[in-house]
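*Asks:* Let me begin by handing over the structure; questions about it come next.
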Amino acid sequence: MLIRKPSDIPSSAISSKDRYLNRRRFLRGAAGTIAATGAAALGAERLGEVFNPRITALAGTKLETVKSPLSTTGEDLTSLEDITHYNNFYEFGVGKGDPARNASGLPTRPWTVRVDGKVKNPKTFDIDTLLKLRPLEDRIYRHRCVEAWSMVIPWVGYSLSEFIKQCEPLSTAKYVQFLSYYDKSVEKWTSESTIFWPYSEGLRMDEAMHPLALLTFGLYGEVLPNQDGAPVRIVVPWKYGFKSAKSIVAVRFLDKEPPTTWNEQAPNEYGFYSNVNPNVDHPRWSQKTDRRIGVPFYAQRRTTLMFNGYGEQVASLYSGMDLKKNF
Ligand SMILES: Nc1nc2c(c(=O)[nH]1)N[C@H]1C(S)=C(S)[C@@H](COP(=O)(O)O)O[C@H]1N2
Ligand SMILES: [Mo]
């Protein structure tokens, strides 16, 4: 993404202070819950300081996985080197190589995911509980960034729908919001002037329940490297990459569309839906083709497919919608 200077951003792009404060208040609430749990286990925590320091990198730990019929086949996988050194993770810098250099301080244990909003009961899931909720699958997906480059990534996870069922959303829940970890002392590269943190993304409920939407814990059979969104992230293969929030700490069920980071930043450039669509150009560049990362120069250009090639599975979610308007 190209971050624009505050002076370039039309005032319509700046979300109301209310929404901003609400989001913050919510996160502060979540942090409070974690602190309270910590206090109850103070003895253990003290021991932990000696025997179990805060863990920041489990990357490289093998995960037990099963194959998935939902994998994309017939395309070469992007190398682990490229997947972990050509990243977008603005909390750790805006350069493609910055997350690999800067994300080592992200504390991935202990880690919890707070669930609230339109649910039967608010809950907090521990990451190690989430990891064991369902068998982990190898899921190979095409990954298309809105910046017109692409990769093929062997993720590890299970369908987001399996997690959502455990959240027990009410029938009034029409949307789901994902909020990323945000701690300025760890993520020193965040500037408050152009983006409202924490990173926020969302899906309509039927999109989130689609079996292709993946709750993701690893790649190449191992725990996610921090720069790819450890310890848990969302992957939505038929949408531009920015819909897939990394390092999520909260999932909120809502009756209306949540504010989302890039839509807030530049609503004329990044819509809520952001389905991969070669027929809707970005105002500043074409989306008709993309550049496959890590292949020889002459073979890089690809024709971008509608819904990133997943149309057969997901097109029905949007029947009757004008996808030029709902970009
Ligand atoms: N929290 C957070 N999540 C994020 C981003 C980010 O900057 N912060 N960038 C998004 C974008 S633009 C893309 S393309 C993908 C990149 O994922 P990858 O680096 O694992 O390929 O993450 C998405 N999720
Ligand atoms: Mo992206």
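The values are calculated or read from the model by the stated rules, or taken from the named source; none is laboratory data. Because the structure is a prediction, the values reported are computed rather than measured. Glycine also receives a Cβ, built like all others from the backbone with ideal geometry; neighbour counts cover every protein chain displayed. Keep in mind that these areas ignore ligands, DNA and RNA; they rest on the heavy atoms of the full protein, side chains included. Shrake-Rupley method; radii C 1.70, N 1.55, O 1.52, S 1.80 Å.
*Asks:* Take the residues of region 241-262 that are within 14 Å of ligand 1 (Cβ to nearest atom) and either modelled with pLDDT under 95 or in a strand (DSSP E or B) (or both): which is most open to solvent (accessible area, probe 1.4 Å)?
*Replies:* Top of the filtered list is VAL249.
*Asks:* Okay, moving on. Name the helices (runs of 4 or more DSSP H) wholly within region 85-181 that hold at least 1 residues that are hydrophobic (A, V, I, L, M, F, W, C), more than 11 Å from ligand 1 (Cβ to nearest atom) and open to solvent by 10 Å² or more (accessible area, probe 1.4 Å)?
*Replies:* Where helices (runs of 4 or more DSSP H) fall fully within region 85-181 and carry at least 1 residues being hydrophobic (A, V, I, L, M, F, W, C), more than 11 Å from ligand 1 (Cβ to nearest atom) and open to solvent by 10 Å² or more (accessible area, probe 1.4 Å), they are 127-132.
*Asks:* Tell me, which residue of region 58-76 that is open to solvent by 70 Å² or more (accessible area, probe 1.4 Å) and not in a strand (DSSP E or B) is nearest to ligand 1 (Cβ to nearest atom)?
*Replies:* ASP76
*Asks:* While we're here: Among the numbered criteria (1) open to solvent by 10 Å² or more (accessible area, probe 1.4 Å); (2) over 23 Å from VAL66 (Cα atoms); (3) at pLDDT 95 or above, which one does MET209 miss?
*Replies:* Failing condition for MET209: (2).
*Asks:* Quick one: which residue in PRO237, PRO198 is assigned to a loop (DSSP other than H, G, I, E, B), open to solvent by less than 10 Å² (accessible area, probe 1.4 Å), in contact with a Lys or Arg (Cβ under 9 Å, 6 or more places away or on another chain) and within 16 Å of ligand 2 (Cβ to nearest atom)?
*Replies:* Just one listed residue meets the conditions, PRO237.
*Asks:* Additional query: Test SER191 against the stated conditions and say whether it is closer than 21 Å to ALA100 by Cβ and surrounded by fewer than 18 Cβ atoms within 10 Å (Cβ to Cβ).
*Replies:* yes
*Asks:* Let me ask something additional. Quick check on region 212-229: of everything there that is within 12 Å of THR61 (Cα to Cα) and part of a loop (DSSP other than H, G, I, E, B), which residue is most open to solvent (accessible area, probe 1.4 Å)?
*Replies:* Only one residue tops the list, namely TYR220.
*Asks:* Further question on the same structure: If only one of VAL236, VAL314, VAL223 is within 18 Å of SER71 (Cβ to Cβ) and within 14 Å of ligand 1 (Cβ to nearest atom), which one is it?
*Replies:* Result: VAL236 is the single residue among VAL236, VAL314, VAL223 that is within 18 Å of SER71 (Cβ to Cβ) and within 14 Å of ligand 1 (Cβ to nearest atom).
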